[in-house]
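The values are calculated or read from the model by the stated rules, or taken from the named source; none is laboratory data. If you're wondering where the values come from, they're calculated on a predicted model, not measured in any experiment. Every residue, glycine among them, receives a Cβ derived from its backbone with ideal geometry; neighbour counts consider all protein chains shown. To get the accessible areas, we keep the full protein, side chains included, count just its heavy atoms, and leave off ligands, DNA and RNA. Shrake-Rupley method; radii C 1.70, N 1.55, O 1.52, S 1.80 Å.
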Amino acid sequence: MVGEQPGDREDRTGHPFVGPAGKLLDAALEEAGLDRDLIYVTNAVKHFKWRPRGKRRLHEKPKAGEIDACYPWLEAELDVIKPEVIICLGATAAQMLLGRNFRVTKQRGQWVESKYDAKVMATVHPSSILRAPDENERERQYREFVSDLKFAAREIRNKK
């Protein structure tokens, strides 16, 4: 699984998806029947881009040059891990691996051709679900996210 970039808590601990989005990801993986302990989780961008707001560090979207600069590290990880399935979490990861014209809003939850020797699909980033305007919308988006993960889980089970 490839996310966008570390968040504040991830940056401070040095581990991906340990903040609120990570908790949501853990719940969705469990519901989809996937064991996070067996999944390599990383980020496309290796640094936390942020701006201060009082004592808080608020996430900022990385620029294209920052994304491009981190690509060699992600490619090296993929060369070592040799995944059979890659799930991109959010637009930054998807566009890094599938091209700048890829749109998660139009192509999420589908297997996409890529240059990688792996099945590749993209879905939303868990943090986008947390930013939904109300509880009903968060629940709807969460259900769709779990559905995408269940789709990927079927492929993973077929590979065994």
inquiry  = Restricting to region 36-62, count the residues that are in a loop (DSSP other than H, G, I, E, B), out of contact with any strand residue (DSSP E or B) (no Cβ under 9 Å at 6 or more places or on another chain) and charged (D, E, K, R).
reply    = 3
request  = Starting from region 12-27, keep only residues that are within 16 Å of Val2 (Cβ to Cβ), then list their pairs with residues that are of a type in the set (A, V, I, L, M) whose Cβ atoms are within a distance under 6 Å, requiring at least 6 positions of separation or different chains.
outcome  = Pro16/Val41; Phe17/Leu25; Phe17/Val41
request  = Specify the residue that is surrounded by the most Cβ atoms within 10 Å (Cβ to Cβ); the eligible residues are those in region 76-104 that are more than 15 Å from the chain's Cα centre (by Cα) and among the hydrophobic types (A, V, I, L, M, F, W, C).
outcome  = Ile81
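If you check Lys23 against the conditions, is it at pLDDT 95 or above, open to solvent by 80 Å² or more (accessible area, probe 1.4 Å) and not small (Gly, Ala, Ser)? Walk me through it before giving the result.
Values: at pLDDT 95 or above: yes; open to solvent by 80 Å² or more (accessible area, probe 1.4 Å): yes; not small (Gly, Ala, Ser): yes.
Taking the combined requirement at face value, the residue satisfies it.
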request  = Find the residue count for region 1-35, including only residues that are in a helix (DSSP H, G or I), over 13 Å from the mean Cα position of the chain (by Cα) and among the small types (Gly, Ala, Ser).
outcome  = 2
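Given Asp134, Asp68, which one is under 16 Å from Gln5 (Cα atoms) and open to solvent by 40 Å² or more (accessible area, probe 1.4 Å)?
Working: Asp134 fails: under 16 Å from Gln5 (Cα atoms).
Testing whether each residue is under 16 Å from Gln5 (Cα atoms) and open to solvent by 40 Å² or more (accessible area, probe 1.4 Å) leaves just Asp68.
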ask   = Taking region 55-65, which residues are open to solvent by less than 80 Å² (accessible area, probe 1.4 Å), without any contact (Cβ under 8 Å) to a residue 12 or more places away in the chain and out of contact with any Lys or Arg (no Cβ under 6 Å at 6 or more places or on another chain)?
value = Gly65
inquiry  = Among the residues of region 100-122, what is the count of those that are free of Cβ contacts under 8 Å to residues at least 40 places away in the same chain and touching a Ser or Thr at 6+ places or on another chain (Cβ under 9 Å)?
reply    = 2
